[in-house]
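Data block below; observations after.
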Amino acid sequence: MLFLIAVHLALAAVVPLLVRRLGPRGLLGVALVPAITFGWALTQVPGLERGAIHQETLTWSAGLDLRFDFRLDALALLMLLLVSGVGAAVLAYSAYYLGGDAGRVGALLLVFAGAMAGLVTADHLVTLYVFWELTTVCSFLLIGEQGIKEQSRRAAIQAALVTMLGGLLMLLGFVLLGEAAGTYRLSEILAAPPHGGTVPAAAALILLGAFTKSAQLPFHPWLPAAMVAPTPVSAYLHAAAMVKAGVYLIARLTPGLADVPFWRPVALTVGLLTLIVAAWRALRETDLKKLLAYGTVSELGLLTALFGAATHTAALAGAVMLLAHGLFKATLFLVTGIVDHQAGSRDLRELSGVGQRLPALSAVAVLAAASMAGLPPFLGYLGKEATYEAFWHGDTPDHLVLVALAVGFVLTVAYSARFLWGAFAHKPGVAATKVTLPATGFVLPAGVLGVAGLLFGLWPHASNVLATPYADHYPSPVERYHLALWQGLTPTLVLSALVIVLGLVVYAGLDRITAVRQRLPALPDAERAFERTVRGVNQIAVGATRYTQAGSLPLYLTTILLVVLVGPGTMLLFGTTLASPAPPDLVAVQLPLAVLVLGAALGVLRARNRLSAVLMVGVVGYGVAGLFVVHGAPDLALTQFLVETLTLVVVVLVLRRMPVRFTPLERSWRLRWPRWIAALGVGLFVGTFAVTATAARTVPAVSREYADRSEEAGARNVVNAILVDFRALDTLGEISVLAVTAVGVASLVLVTRLSAIKPRRVRQHAAHNRRTEEDRR
Amino acid sequence: MSYLDLTMAVAVAGLYAVGFLLLLERSLMRVVLGFIVLGHGTNLLLLVAGGPPGAVPILGLAEPAAMADPLPQAMALTAIVITFGLTTFLLALAYRSWTFTGHDEVRDDIEDRRLESAEHRRQRERELA
């Protein structure tokens, strides 16, 4: 299993080379990889009947409990057969369909096939998530093609946004679920499902992930939009495989999570609504691929409802419909691609008489469409019979579900007929389309898938073997339902016949229905809702940036200061404690110095001349040094004197080259008063903090120890002992900072000197500015 | 035992207010000066918060019990030196700004302004449409 997945991913790297060497036909060889996987999966079927389950584990990080766990139970095997079988057919088909892009698309399709195989066999929530997102990435790259067409880019981004949003929510759900269960292994979680606590939240998040991936209402518009991708991609990712991932997840987890109160109602409601609304939309599409896409959305809704119903027969019906849909929808897409390729159009208003020119292809399409419509003896019929049976015996809610299902199926029959008519019929008034004959190998993959739908129908035992073990997760009803073409003259048979007849009636009266619908008010458009959401998010982002990022440093700083005032400032108001007042003799010494310092500081504020401002700052520094002396810190005072003098020298050195006066302040008081408030407020705040901090001291200082041990260090000056002995490493750090600063200053000055040889424009600009500056003086 | 050292607290408060006012200016030179003043305020704050004034912390001149706490002093000493380093670096930056652009003003971020004008343009386009 692991090996096969690895082969997919590794060989994908050489596919472009292969295609460059052999041309697009080289993809026929690439198709062997999923074909071999399919063959290997077939060999596992007998084991399934015996109840043996193949498992593999690769430990990634034992400490983090991250492992690649794989487990091939009935559901996984069913999905794996579908994914690898359709994958092989689609890759073979691509060999004829694709042109210059074959290398890239082929490689991505192979990566996707590997990721999908990993997704359906993963037995670990994180493993599953990794493969889940890998399929999303493949989908993005395949829809976007080369990123040349705007429509492709839009569709790719839409698909990625919607499914990745769901994926992230799902991951959150996985984490909640894994933590609640105490294990991330799916099989263990399902064996002993957790209850209560965060489990409902986890279930809701996981459902959201599944709904986005499987294009359920109201997340569905990305799937029809994704139809801009090449047809093989649509057939594989957006019909047979990737969009099934969400449904698969529901199928996988329902046996464990169906006890969550809202799980069944939500899955049933969303699924059935999607079934009906999307089928209704399919009836009015004129692009054959879009018609099929809405059909896919509709069928996915059916699958969501069936798997979410959590009963034995519904699960059986779901598993059968999963297989049936994969086969017939992939076939129909491949057929549409051939029509598009050979006739140059897939618009059903332009195509006419294609069936006459391509009888074999239309026969294949009829096989698939018949399965889609649920006609006997096709696989779709088996599935629909089981679906009716699942809800026939229940009470009123079940019967409501049955009615919804029947409505959905009627519409399904109608759009199946519309597809066949649109693609192949001869339309009066429309000139017969020119069609070139396709190569046999081109039609063959579609034919194989179409015939498979018939064979599975004729041989119900195969479907029983594949589907029943999954259904056995649920208690079996007294009369165990077995898939069979002839169940006797049952009420469901009558219902089936009625639905088919009604479907054809709807199809025949489509023109009249269209006329009626145009008079009805339009349904809310999910596509527009998506666009509006994306635009809204962008606008909020730009708006928030505009309001928070004004680009003005003073504004930012004011904001920070105001936050300081509001937050810690308020806290301080409640926490202020006062100590006893200082002795008057101390105050008598401090006061003149403090007055000097504050006066000089105010002088700095008022100064218009640079030099006088600098000198005032020097006075502040010397005054502070005096306060240090009063406080009993002669070392500090000494350092302060030295540093202050040095600073003055440096500043004057710089000032020598700069204009004497400051750039005049032109700002109005209206702009300045918030700054005054912020600055004065913070001053007050810090002063209060100083008072509080002084009074808050309750424990004896740690520095007594320093004083007692300075003798040992051979020092008398305790501060010196701390700096060069007790905390010598800190001092080393300080010296390093100074060294770095010196290097920085030197390089800044050097770069400035080099500016003499910098481009002339910079110099001219600077000279111009300097002139205007001097003029201003 | 600690005092309510109101004088020092007022000095610290004044230095902080003036420092931030200067820091909020657009002239780089004033910003540098504001930074120096803030540095002075912080050093004083360290000392005030560290305990009451006392005797010089030199053995032999006073009993350890009567000494001013030496640890805040060591911290403030480090802070003085670091402030000096930063000041010279800022000055070098201001000087460089002056030689390169001919002014020493902190200009608004052009990218942010452009974002704003782009939004305005889009709004106008919407109104026209």
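General remarks:
- Residue identified as without any contact (Cβ under 8 Å) to a residue 40 or more places away in the chain, surrounded by fewer than 23 Cβ atoms within 10 Å (Cβ to Cβ) and not acidic (Asp, Glu) among A:147, A:103: A:147
Here's the yes/no breakdown for (1) out of contact with any strand residue (DSSP E or B) (no Cβ under 6 Å at 6 or more places or on another chain); (2) among the hydroxyl-bearing types (Ser, Thr, Tyr); (3) under 23 Å from residue A:231 (Cα atoms):
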site	(1), (2), (3)
A:134	yes, no, yes
A:139	yes, yes, yes
A:150	yes, no, yes
A:159	yes, no, yes
A:176	yes, no, no
A:197	yes, no, no
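- Top-ranked residue of segment B:53-110 - restricted to ones that are of a type in the set (Asp, Glu) and within 30 Å of residue A:713 (Cβ to Cβ), ranked as farthest from the other protein chains (Cβ to nearest Cβ): B:63
- Scanning segment A:666-725 for residues that are part of a loop (DSSP other than H, G, I, E, B) and touching a helix residue (DSSP H, G or I) at 6+ places or on another chain (Cβ under 6 Å) returns A:710, A:713, A:715.
- Residue in segment A:679-694 that is modelled with the lowest pLDDT, counting only those that are touching a Leu at 6+ places or on another chain (Cβ under 6 Å) and facing another protein chain (nearest Cβ under 7 Å): A:690
Matching residues to (1) among the charged types (D, E, K, R); (2) assigned to a helix (DSSP H, G or I):
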{"residue": "A:427", "(1), (2)": "yes, no"}
{"residue": "A:438", "(1), (2)": "no, no"}
{"residue": "A:443", "(1), (2)": "no, yes"}
{"residue": "A:463", "(1), (2)": "no, yes"}
{"residue": "A:482", "(1), (2)": "no, no"}
{"residue": "A:494", "(1), (2)": "no, yes"}
{"residue": "A:505", "(1), (2)": "no, yes"}
{"residue": "A:511", "(1), (2)": "yes, yes"}
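- Within segment B:66-93, considering residues that are among the small types (Gly, Ala, Ser) and in contact with a helix residue (DSSP H, G or I) (Cβ under 8 Å, 6 or more places away or on another chain), the one modelled with the lowest pLDDT: B:92
- The residues of segment B:2-33 that are more than 7 Å from chain A (Cβ to nearest Cβ) and touching a Ser or Thr at 6+ places or on another chain (Cβ under 8 Å), listed by number, are B:28, B:32.
- Number of the exception - residue A:90 against (1) β-branched (Val, Ile, Thr); (2) touching a Pro at 6+ places or on another chain (Cβ under 8 Å); (3) over 18 Å from residue A:336 (Cβ atoms): (3)
- Test: residue in segment A:52-70 that is touching a Pro at 6+ places or on another chain (Cβ under 6 Å) and under 29 Å from residue A:473 (Cα atoms): no
- Condition check for residue A:190: without any contact (Cβ under 8 Å) to a residue 24 or more places away in the chain, surrounded by 16 or more Cβ atoms within 10 Å (Cβ to Cβ) and farther than 14 Å from residue A:238 by Cβ: no
- Conditions (1) hydroxyl-bearing (Ser, Thr, Tyr); (2) in contact (Cβ under 8 Å) with a residue 12 or more places away in the chain; (3) within 7 Å of chain B (Cβ to nearest Cβ): number failed by residue A:577: (3)
- Candidate set: segment B:48-80, residues that are assigned to a loop (DSSP other than H, G, I, E, B) and of a type in the set (Gly, Ala, Ser); chosen: the one surrounded by the most Cβ atoms within 10 Å (Cβ to Cβ): B:51
- Counted residues, segment A:1-28 - those being aliphatic (A, V, I, L, M), assigned to a loop (DSSP other than H, G, I, E, B) and surrounded by fewer than 19 Cβ atoms within 10 Å (Cβ to Cβ): 2
- Residue match in segment A:173-195 (condition: modelled with pLDDT under 95 and more than 26 Å from residue A:55 (Cβ to Cβ)): yes
- Some residue of segment A:342-354 being under 19 Å from residue A:82 (Cβ atoms), hydrophobic (A, V, I, L, M, F, W, C) and crowded, with 24+ Cβ neighbours inside 10 Å: no
- Within the option set A:227, A:242, being assigned to a loop (DSSP other than H, G, I, E, B), touching a residue at least 60 places away in the same chain (Cβ under 8 Å) and touching a Lys or Arg at 6+ places or on another chain (Cβ under 8 Å) holds for one residue only, A:242.
- Candidate set from segment A:563-585 (those that are within 60 Å of the chain's Cα centre (by Cα), of a type in the set (Ser, Thr, Tyr) and at pLDDT below 80); member that is farthest from residue B:32 (Cα to Cα): A:577
- Yes/no for residue A:588 being farther than 18 Å from residue A:687 by Cα, over 56 Å from the mean Cα position of the chain (by Cα) and at the interface with another protein chain (Cβ under 7 Å from one of its Cβ atoms): no
- Close pairs (8 angstrom Cβ cut-off, 6 or more residues apart or separate chains): surrounded by 19 or more Cβ atoms within 10 Å (Cβ to Cβ) in segment A:600-623, assigned to a helix (DSSP H, G or I) and basic (Lys, Arg) anywhere: A:613/B:30
- Being surrounded by 15 or more Cβ atoms within 10 Å (Cβ to Cβ), more than 10 Å from every other protein chain (Cβ to nearest Cβ), assigned to a helix (DSSP H, G or I) and in contact with a helix residue (DSSP H, G or I) (Cβ under 9 Å, 6 or more places away or on another chain) holds for only one residue in A:561, A:565, A:557, and it is A:565.
- For segment A:382-401, a residue qualifies if it is β-branched (Val, Ile, Thr) and either surrounded by fewer than 24 Cβ atoms within 10 Å (Cβ to Cβ) or over 27 Å from residue A:368 (Cβ atoms) (or both), and the qualifying residues are A:396, A:401.
- Residue count for segment A:657-675, restricted to those that are modelled with pLDDT of 80 or more and more than 10 Å from chain B (Cβ to nearest Cβ): 1.
The values are calculated or read from the model by the stated rules, or taken from the named source; none is laboratory data. Being a predicted model, the structure only gives us computed values, none of them experimental. Quick reminder, even Gly has a Cβ in these numbers, built from the backbone with ideal geometry, and neighbours come from all protein chains shown.
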